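Visitor: Got a structure for you, written out below as structure tokens; questions coming shortly.
The values are calculated or read from the model by the stated rules, or taken from the named source; none is laboratory data. Computed from a predicted structure; not experimentally measured. Cβ atoms come from the backbone with ideal geometry, glycine included; neighbour counts cover every protein chain shown. Accessible surface areas use protein heavy atoms only, side chains included; no ligands, DNA or RNA. Shrake-Rupley method; radii C 1.70, N 1.55, O 1.52, S 1.80 Å.
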Amino acid sequence: MVRTSASAPLRIVLAKIGLDGHDRGVKVVARALRDAGFEVIYTGLRQTPGMVVEAALQEDARVIGLSLHSGAHMTLIPAVLDELRRRQMSDVLVFAGGIIPPGDAAELRSLGVAEIFTPGTPLDSIVSWLRERQPALQGGDGGSSS
Amino acid sequence: MSRAEPTASELVLQGVRGLARAISRIEDGDRDLAMALARGRSRPRVVGFTGPPGSGKSTLLDALVTLLRGQGLRLALIAVDPSSPHTGGALLGDRIRLQRHAQDPGVYVRSLSARGHLGGLTAQSADVVRALGGFDFDLVLLETVGVGQSELEVAQLADTTVLVLAPGLGDSIQHLKSGVMEVADVICLNKADSALAPRALSELNSILRDAPDSLWHPPLVGTVASTGSGVAELWSAIERHRTHLAAGEGDRRGRERIQAEVLELVASWARSEARARLQEEPELLSGSDPRVIAARLLERLRPQAPREP
């Protein structure tokens with residue numbers, strides 16, 4: 001029961017933004033990330049970019065995962081990135097998932113989205129992608145305490 | 001990597017960001033930070049909410065936050081969810097029910113994983129409350145894991161403990177054997193518009209009627225959190241309990257709270273020292289009577305007990 005490891009669990013906000021009720025995928029990802037040892041804060045449906053960023057701030061999350069199946073990704077995801085910049089939180093890692101065509105994905109990457117996982121991505125590859133980035137994300141303030 | 005961590009006063013100047021970071025550091029065991037944040041500040045009032053999963057705790061808190069924001073209180077809501085016993089991961093979902101207050105600067109919401117701690121809270125809950133005092137919150141609403149039968153720890157930390165029940169989630173014997181009825185200061189039957197509610201209310205009333213005599217009789221309030229019905233009555237019951245505390249009971253609870261935390265600190269110090277000593281000197285484990293070995297070990301540890309910080 002005693003946690004002896006120096007590294008704290010990575011905290012991840014998962015959110016559905018905009019008018020989009022398709023939450024099956026995000027729930028599957030939420031569970032996989034929990035089972036992989038991460039602390040997942042799921043905010044539920046119909047979030048605004050402002051709500052998502054506020055949740056990441058209050059929860060001290062190092063990662064935001066956005067799920068979109070509505071087609072509004074080219075509006076809503078950049079709005080989240082803008083809000084993060086406005087609040088000096090650009091060090092928060094943003095990834096996205098859902099129905100996002102390759103052309104749009106390339107543009108979102110160039111805007112600062114770290115990775116895009118489309119339907120069919122094995123859950124393990126999302127987990128290992130996050131694990132690779134965990135040390136860098138927690139290396140700044142507050143990560144390990146030993 | 002070796003960047004100096006911000007001090008307590010620097011964190012306070014950063015506002016919400018500083019508070020969020022402070023709580024993470026406290027979760028990772030930074031006790032000194034909690035003490036530094038609390039220094040010279042009064043402890044915020046803590047109202048704890050416990051009860052089985054699905055009784056509507058989060059929805060009730062959402063309705064209560066709406067009511068209290070109308071009174072101008074700055075409040076923090078700390079919601080604890082369970083962690084996976086296998087991987088330590090957690091899925092924290094209490095924010096889903098608190099959407100209405102997502103961007104209200106007068107409300108801070110933090111979801112915490114129990115991180116393997118049993119009892120309904122996290123091992124650092126008392127320090128998290130201290131930290132919130134350092135950031136000038138008037139009131140902390142604390143929501144427990146909600147496992148049903150053993151989340152009694154909240155009563156040690158909260159000034160007022162509210163037990164939230166719902167009709168159809170177990171009969172009166174379950175409430176009695178869990179001991180949770182004994183630690184509750186206020187009892188709330190949520191989903192009071194359900195067809196099963198009248199029976200649940202009469203069962204609860206009879207349990208309360210048969211309770212041993214005491215100065216405080218826990219009131220029973222029916223609520224429908226989804227519509228807000230009964231929430232004002234619930235809050236006035238909590239306020240009546242505050243008045244009761246002010247008449248002397250509060251001081252006694254304060255002493256008990258400190259004693260509980262001291263015992264916890266002593267036990268955790270002794271456990272980690274004993275473990276280290278046994279690793280250095282495995283021969284101390286010789287013999288078959290655990291009590292004899294423990295006494296021998298404690299004798300060895302005594303001279304190394306920590307001095308005052």
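Visitor: Would you work out the relative contact order for chain A, in percent, from Cα pairs under 8 angstrom that are 6 or more residues apart?
Guide: Relative contact order of chain A: 25 percent.
Visitor: Once the piece of chain linking B:Leu215 and B:Gln99 is laid out straight, how much longer is it, given 0.36 nm per residue of separation minus the C-alpha distance between them?
Guide: Length gained between B:Leu215 and B:Gln99: 37.9 nm.
Visitor: A follow-up question, please. Please report the Cα spread of segment B:237-309 along all three principal axes, rounded to whole Å, starting with the longest.
Guide: Result, largest extent first: 58, 30, 16 Å.
Visitor: I would also like to ask the following. Give the average, rounded to an integer, of partner chain Cβ atoms located within 10 angstrom of each Cβ in B:23-31.
Guide: Counting other chains' Cβ atoms within 10 Å and averaging over B:23-31 gives 5.
Visitor: Which residue, B:Ala184, B:Ala276, B:Ala79, has the most motion in a Gaussian network model of chain B that connects Cα atoms within less than 10 Å?
Guide: B:Ala276
Visitor: Given a 1.4 angstrom probe, I'd like the percentage of the accessible area of chain A that is carbon and sulfur, rounded to a whole number.
Guide: 54
Visitor: Put one equal scatterer on each alpha carbon of the protein assembly as shown, apply the Debye formula with no solvent term, and list log10 I(q)/I(0) at q = 0.11 1/Å to two decimals.
Guide: -0.95
Visitor: Antiparallel as a % of all DSSP beta bridges within chain B, to the nearest 5?
Guide: 5
Visitor: Can you list the HN-Hα couplings for segment B:96-110, worked out from phi with the Karplus curve (6.51, -1.76, 1.60; θ = phi - 60°), rounded to whole Hz and with x for Gly and Pro?
Guide: 3, 8, 10, 4, 4, 10, 4, 10, 7, x, x, 10, 10, 10, 10
Visitor: Using the C-alpha gyration tensor of chain B, what are the square roots of 5 times its eigenvalues, in whole angstrom, with the largest one first?
Guide: 35, 26, 19
Visitor: Here is a further query. How many angstrom lie between the Cα centre of segment A:47-67 and the Cα centre of segment B:189-224?
Guide: 39
Visitor: Pairing the Cα long axis of helix A:123-139 with the longest principal axis of chain A, what angle in degrees results, from 0 to 90 and rounded to the nearest 10?
Guide: On a 0 to 90 degree scale, this one is about 60.
Visitor: Please give the Cα centre distance for segment B:1-73 versus segment A:72-99, rounded to the nearest Å.
Guide: Cα centres, segment B:1-73 to segment A:72-99: 26 Å.
Visitor: Read phi for every residue in segment B:279-292 and hand back ³J(HN,Hα) as whole Hz from Karplus 6.51 cos²θ - 1.76 cosθ + 1.60, θ = phi - 60°, with x for Gly and Pro.
Guide: Once θ is set to phi - 60°, the couplings for segment B:279-292 become 5, 5, 10, x, 5, 4, 7, 5, x, 10, 9, x, 5, 5 Hz.
Visitor: Quick one: which residues, 5+ away or cross-chain, put their amide H under 5 Å from the amide H of B:Val221? H built at 1.01 Å from N.
Guide: B:Ile187, B:Cys188, B:Leu189
Visitor: Ok, one more. Taking every residue in B:113-122, how many Cβ atoms of other protein chains lie within 10 Å of its Cβ, on average?
Guide: If you average over the peptide's residues, the count of other-chain Cβ atoms is 2.
Visitor: What's the FRET efficiency of A:Ala72 with B:Ala195 using the Cβ-Cβ distance as r and R₀ = 45 Å, to the nearest 0.05?
Guide: Plugging the Cβ-Cβ distance into 1/(1 + (r/R0)^6) gives 0.60.
Visitor: What is the distance in Å between the Cα centres of segment B:97-117 and segment B:241-309?
Guide: Each part's Cα centre sits 32 Å from the other's.
Visitor: Seen from all sides and averaged, what is the projected area of the convex hull of the Cα atoms in segment A:1-130, in nm²?
Guide: Over every viewing direction, the Cα hull of segment A:1-130 projects on average to 8.0 nm².
Visitor: Amide H to amide H under 5 Å from B:Tyr108: which residues, 5+ apart in sequence or cross-chain, H placed 1.01 Å off N in plane?
Guide: Long-range HN contacts for B:Tyr108: B:Leu75, B:Ala76, B:Leu77.
Visitor: OK, next. How many partner chain Cβ atoms sit within 10 Å of a residue's Cβ in peptide B:272-282, on average, as a whole number?
Guide: Neighbouring Cβ atoms belonging to other protein chains average 0 per residue here.
Visitor: Report, to the nearest 10°, how far helix B:231-244 tilts away from the longest principal axis of the Cα atoms in chain B, using its own Cα long axis and a range of 0 to 90°.
Guide: 50
Visitor: Can you tell me which of B:Ala225, B:Ala295, B:Ala114 moves the most in a GNM of chain B? Springs connect C-alpha atoms under 10 Å apart.
Guide: With Cα springs under 10 Å in chain B, the top fluctuation among B:Ala225, B:Ala295, B:Ala114 is at B:Ala295.
Visitor: So for segment B:207-274, what percent of the C-alpha to C-alpha distances run longer than 20 Å?
Guide: Percentage above 20 Å: 57.
Visitor: Please list A:90-102, A:45-57, B:282-294 highest first by mean number of surrounding beta-carbon atoms within 10 Å per residue.
Guide: The peptides rank, most packed first, as A:45-57, A:90-102, B:282-294.
Visitor: Hey, what's the protein assembly as shown come to in accessible area per residue, 1.4 Å probe, Å²?
Guide: Value returned for the protein assembly as shown: 48 Å² of accessible area per residue.
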